[in-house]
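**Student:** I'd like to ask you about the structure that follows.
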Amino acid sequence: MRVLRDQGPIIRLAHRGASGQAPENTHAAFAKALQLGVDGIELDCQLSADGELVVIHDEILDRTTSGLGPVCAKTWAELAKLDAGAWRGPEFRGERIPRLLDVLAQIDGRATLNVEIKSARDVGSIEPKLAALPEIRAAADWLLFSSFNADAVRNLRAAAPWASIGILWDRRPAAGAFLLAEELGARCVIPSRRVVDGELVTTAHDRGLGVWVWTVNTREDLERITAVGADAIFSDYPERFAPSGR
């Protein structure tokens, strides 16, 4: 897992897969991201009603699936029947909500995978499940976990001392992010493009932390973020920022 840029091209992570070209958080989006040769892929993880680790961003099903209501109210068998692609276009009809384990098998170490613990409702329950699965432990070299919820990453660190952790952050000042990163032995901080600046990057690098910035979709933002020395970007359109020759 490459966390720091080391003067090379900026590290590219596909946000919810290549979500600018395919329905977010689906096998189609992850396959497209791999085809684009990205360095990493980000996804969102929640628990179904029966404790399955499922890949979906919203806590409510309505926007990106044919279902209605909370994700946490449906069993995996119920979620697996929903269409998660038709909302993006007829060519994606039949795409399903993936399980995290199925995405691990799909990626298979070909890119870093950033798993974001999404729902506050899952805090206290999802972290031991993530830590206990042997497939996740076997993928530790290319997995990074993150959350905006400090308790979630604290719980994950307690359950999985081996895990790589990133600290999501969306406000100024960023002192709290650095304190939490130090407490947990994090690999990187993950600030919004709206709060990242040269001071944040310098402070992070002085502490041995990478700086991964979300969500960068314009050349203007990329140039500014590169200029202040950030290491990686999350983008819905990683193909826009491919280094020459890729």
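**Student:** I need the full set of residues from the range 67-76 which are open to solvent by 30 Å² or more (accessible area, probe 1.4 Å), touching a residue at least 12 places away in the same chain (Cβ under 8 Å) and of a type in the set (A, V, I, L, M, F, W, C), in order please.
**Tutor:** Scanning the range 67-76 gives Cys72, Ala73, Trp76.
**Student:** Search the range 185-206 for residues being assigned to a helix (DSSP H, G or I) and not hydrophobic (A, V, I, L, M, F, W, C), and hand back the single one that is farthest from Thr218 (Cα to Cα). Lay out the reasoning, then the answer.
**Tutor:** Residues of the range 185-206 that are assigned to a helix (DSSP H, G or I), as a first pass: 198-206.
Now restrict to residues that are not hydrophobic (A, V, I, L, M, F, W, C): 198-199, 202-203, 205-206.
Values: Gly198: 19, Glu199: 22, Thr202: 23, Thr203: 25, His205: 25, Asp206: 28 Å.
The qualifying residue farthest from Thr218 (Cα to Cα) is Asp206.
**Student:** Would you check if Glu42 is assigned to a strand (DSSP E or B), under 14 Å from the mean Cα position of the chain (by Cα) and buried (at least 23 other Cβ atoms within 10 Å of the Cβ)?
**Tutor:** Yes.
**Student:** Being open to solvent by 20 Å² or more (accessible area, probe 1.4 Å) and either among the acidic types (Asp, Glu) or assigned to a strand (DSSP E or B) (or both) is the filter here; which residues of the range 2-39 pass it?
**Tutor:** Residues satisfying the conditions are Asp6, His15, Glu24, Asp39.
**Student:** Residue under question is Asp102, and the condition is that it be among the acidic types (Asp, Glu) and over 25 Å from Arg63 (Cα atoms); does it hold?
**Tutor:** When the stated conditions are applied, Asp102 does not pass them.
**Student:** Got a number for residues in the range 200-246 being touching a helix residue (DSSP H, G or I) at 6+ places or on another chain (Cβ under 6 Å) and open to solvent by 30 Å² or more (accessible area, probe 1.4 Å)?
**Tutor:** Selection size over the range 200-246: 1.
**Student:** Still on this model: Testing Val153 on (1) out of contact with any strand residue (DSSP E or B) (no Cβ under 6 Å at 6 or more places or on another chain); (2) open to solvent by less than 50 Å² (accessible area, probe 1.4 Å); (3) not hydroxyl-bearing (Ser, Thr, Tyr), one condition comes back false. Which one is that?
**Tutor:** Unmet condition: (1).
Matching residues to (1) open to solvent by less than 10 Å² (accessible area, probe 1.4 Å); (2) over 17 Å from the mean Cα position of the chain (by Cα):
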{"residue": "Ile136", "(1), (2)": "yes, no"}
{"residue": "Ile165", "(1), (2)": "yes, no"}
{"residue": "Leu168", "(1), (2)": "no, no"}
{"residue": "Pro173", "(1), (2)": "no, yes"}
{"residue": "Gly176", "(1), (2)": "no, yes"}
{"residue": "Leu179", "(1), (2)": "no, yes"}
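**Student:** Kindly check whether there is at least one residue in the range 94-108 that is crowded, with 23+ Cβ neighbours inside 10 Å, among the acidic types (Asp, Glu) and either touching a helix residue (DSSP H, G or I) at 6+ places or on another chain (Cβ under 7 Å) or modelled with pLDDT of 95 or more (or both).
**Tutor:** Looking for residues that are crowded, with 23+ Cβ neighbours inside 10 Å, among the acidic types (Asp, Glu) and either touching a helix residue (DSSP H, G or I) at 6+ places or on another chain (Cβ under 7 Å) or modelled with pLDDT of 95 or more (or both), one finds at least one in the range 94-108, hence yes.
The values are calculated or read from the model by the stated rules, or taken from the named source; none is laboratory data. Here the structure is a predicted model, which is why all the values come from computation and not from measurement. Methodologically, a virtual Cβ is constructed for each residue, glycine included, from the backbone with ideal geometry; neighbour enumeration extends over all protein chains shown. All accessible areas refer to the heavy atoms of the entire protein, side chains included, with ligands and DNA or RNA removed. Shrake-Rupley method; radii C 1.70, N 1.55, O 1.52, S 1.80 Å.
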